[in-house]
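First comes the structure, then the notes that go with it.
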Amino acid sequence: MTTDFSTGVREAEPSIVDEIDIDALELRLGTDSLLWKFAGDSRMVLGFQRLAGTENCIEQLAQGVEDHSIIFTDFLGRARRTGPPVMRTIYSDDPYAWGHRVRDFHRDIKGTISDGSRYHALNPELFYWAHATFVDQVLYITDTFIRRLSYDEKVQIFEESKIWYQLYGVSARSQPQTYDEFCEYWQSMCDKFVPTRTILYATGYLRKGLPGPRQIPQPLWRVLSAPLNAALRTVVIGTLPPEMREVCDLDWTPKKQRRFDRFAGFMRTVNPLVNRLPLRVLYVPWAFEGWVRTGGDPRKLYNRPA
């Protein structure tokens, strides 16, 4: 990494790179890549809170979400608008155009944080952090809920993620160069987590329970929702880094960890059965479209560690 996050992010200036020659890239994303195999797997939804949460534990990014989105009035709608363009950056037949579209969504996202310093969404340190949370989701959810990844496979996914990032057309000056550096970078960012207003709002349901429908009386809803809340707290909080649990005041115990580990082990055990599901079920729509267009069948690929 050539630029420290805390130093670089305060520049608060966009850093757009010149056009790149996709045909000249040594490594490409396609049906033979691990990103194609795993990034669009429907089980990635199990990491939705880890992905969105870790992003928004960094003050500059959370402030950008608060200032420029409608997260407090349309939380699920924002998620639906974010996911498809990012997935199409991997799976579409024009990933470069989709990557630039994602980048250009962020051209005017700027402002100030609590100490008065500025932020800009296309500042390389901030934009790469957002990308890193997607890379982490693929690595973590695959290894936890689908099947164990070998070290070499983790390295491959990281190397493919560097190509993925190039498609956005934003400077890679803060991007780690190796998988081991990425792990160090990830931990250093977790150490910077703070309890932002955005993330405290987004995790409120884990502390207070799911809000009930208006048609159901609250006392009845508390009874009906108890098993669902317990399951969500085990599975969702279990996926979160300890630093995020701490800043969000989310209770976690060794007993809950053992319960989570049993669930994760069960998910990995049934992976051979899940892998036989129809593609339309196994993959999110944008990934499914990519597999159909290319004529590939991911169910036959990369089912055991390299």
Worksheet item: In the stretch 85-121, which residues are touching a Pro at 6+ places or on another chain (Cβ under 6 Å) and either at pLDDT 95 or above or among the hydroxyl-bearing types (Ser, Thr, Tyr) (or both)?
Response: 89, 120
Worksheet item: Considering only the stretch 238-262, how many residues are among the hydroxyl-bearing types (Ser, Thr, Tyr) and touching a Lys or Arg at 6+ places or on another chain (Cβ under 6 Å)?
Response: 1
Practice prompt. List every residue pair whose Cβ atoms sit under 6 Å apart, with the two residues 6 or more apart in sequence or on different chains, where the first one lies in the stretch 171-184 and is farther than 25 Å from residue 12 by Cβ and the second, anywhere, is assigned to a helix (DSSP H, G or I).
Written response: 179/154; 179/155; 179/158
Worksheet, complete the sentence: Among (1) surrounded by fewer than 20 Cβ atoms within 10 Å (Cβ to Cβ); (2) in a strand (DSSP E or B), residue 119 falls short only on (1)
Practice prompt. Only residues that are out of contact with any strand residue (DSSP E or B) (no Cβ under 9 Å at 6 or more places or on another chain), among the small types (Gly, Ala, Ser) and over 23 Å from residue 287 (Cα atoms): list them for the stretch 95-122, please.
Written response: 114, 116, 117
Item to complete: Look at the stretch 91-110 and say how many of its residues are outside any loop (DSSP other than H, G, I, E, B) and over 16 Å from residue 130 (Cβ atoms).
Response: 4
Worksheet entry | Matching residues, the stretch 122-163, being among the small types (Gly, Ala, Ser) and without any contact (Cβ under 8 Å) to a residue 60 or more places away in the chain | 132
Worksheet item: Before we move on, is residue 268 among the charged types (D, E, K, R), closer than 20 Å to residue 145 by Cβ, surrounded by 14 or more Cβ atoms within 10 Å (Cβ to Cβ) and at pLDDT below 95?
Response: no
Item to complete: Give the stretch 168-218 a look and list any residue that's among the small types (Gly, Ala, Ser) and not in a helix (DSSP H, G or I), or say none.
Response: 169, 171, 172, 174, 209, 212
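Residues are listed down the side, and each one gets a yes or a no for (1) at pLDDT 85 or above; (2) of a type in the set (Asp, Glu):
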{"site": "10", "(1), (2)": "yes, no"}
{"site": "20", "(1), (2)": "no, no"}
{"site": "23", "(1), (2)": "no, yes"}
{"site": "33", "(1), (2)": "yes, no"}
{"site": "67", "(1), (2)": "yes, yes"}
{"site": "73", "(1), (2)": "no, no"}
{"site": "80", "(1), (2)": "no, no"}
Discussion item. Any residue that is farther than 22 Å from residue 154 by Cα, surrounded by fewer than 15 Cβ atoms within 10 Å (Cβ to Cβ) and of a type in the set (S, T, N, Q) - is there at least one of those in the stretch 224-236?
Written reply: no
Item to complete: Scan the stretch 286-305 residue by residue and report those that are part of a helix (DSSP H, G or I) and within 23 Å of residue 98 (Cα to Cα).
Response: 286, 287, 288, 289, 290, 291, 292, 293, 294, 298
Item to complete: Kindly indicate the residue of the stretch 189-210 that is farther than 22 Å from residue 127 by Cα and of a type in the set (A, V, I, L, M, F, W, C) and also surrounded by the fewest Cβ atoms within 10 Å (Cβ to Cβ) among those meeting that condition.
Response: 210
Item to complete: Considering each of 175, 156, 137 in turn, give the residue that is crowded, with 19+ Cβ neighbours inside 10 Å and closer than 18 Å to residue 57 by Cβ.
Response: 137
Response to the item:
Of the listed residues (236, 281), the one being under 26 Å from residue 95 (Cβ atoms), in a helix (DSSP H, G or I) and either in contact (Cβ under 8 Å) with a residue 24 or more places away in the chain or not basic (Lys, Arg) (or both) is 281
Worksheet, complete the sentence: Contact list, first residue from the stretch 188-202 and under 20 Å from residue 175 (Cβ atoms), second anywhere and of a type in the set (S, T, N, Q), beta-carbon distance below 8 Å, six or more apart or interchain, is 189/54; 190/54; 192/6
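The values are calculated or read from the model by the stated rules, or taken from the named source; none is laboratory data. These numbers come from a predicted model, not from an experiment. Using ideal geometry, Cβ is built from the backbone for each residue, glycine included, and neighbour counts are taken over all protein chains shown.
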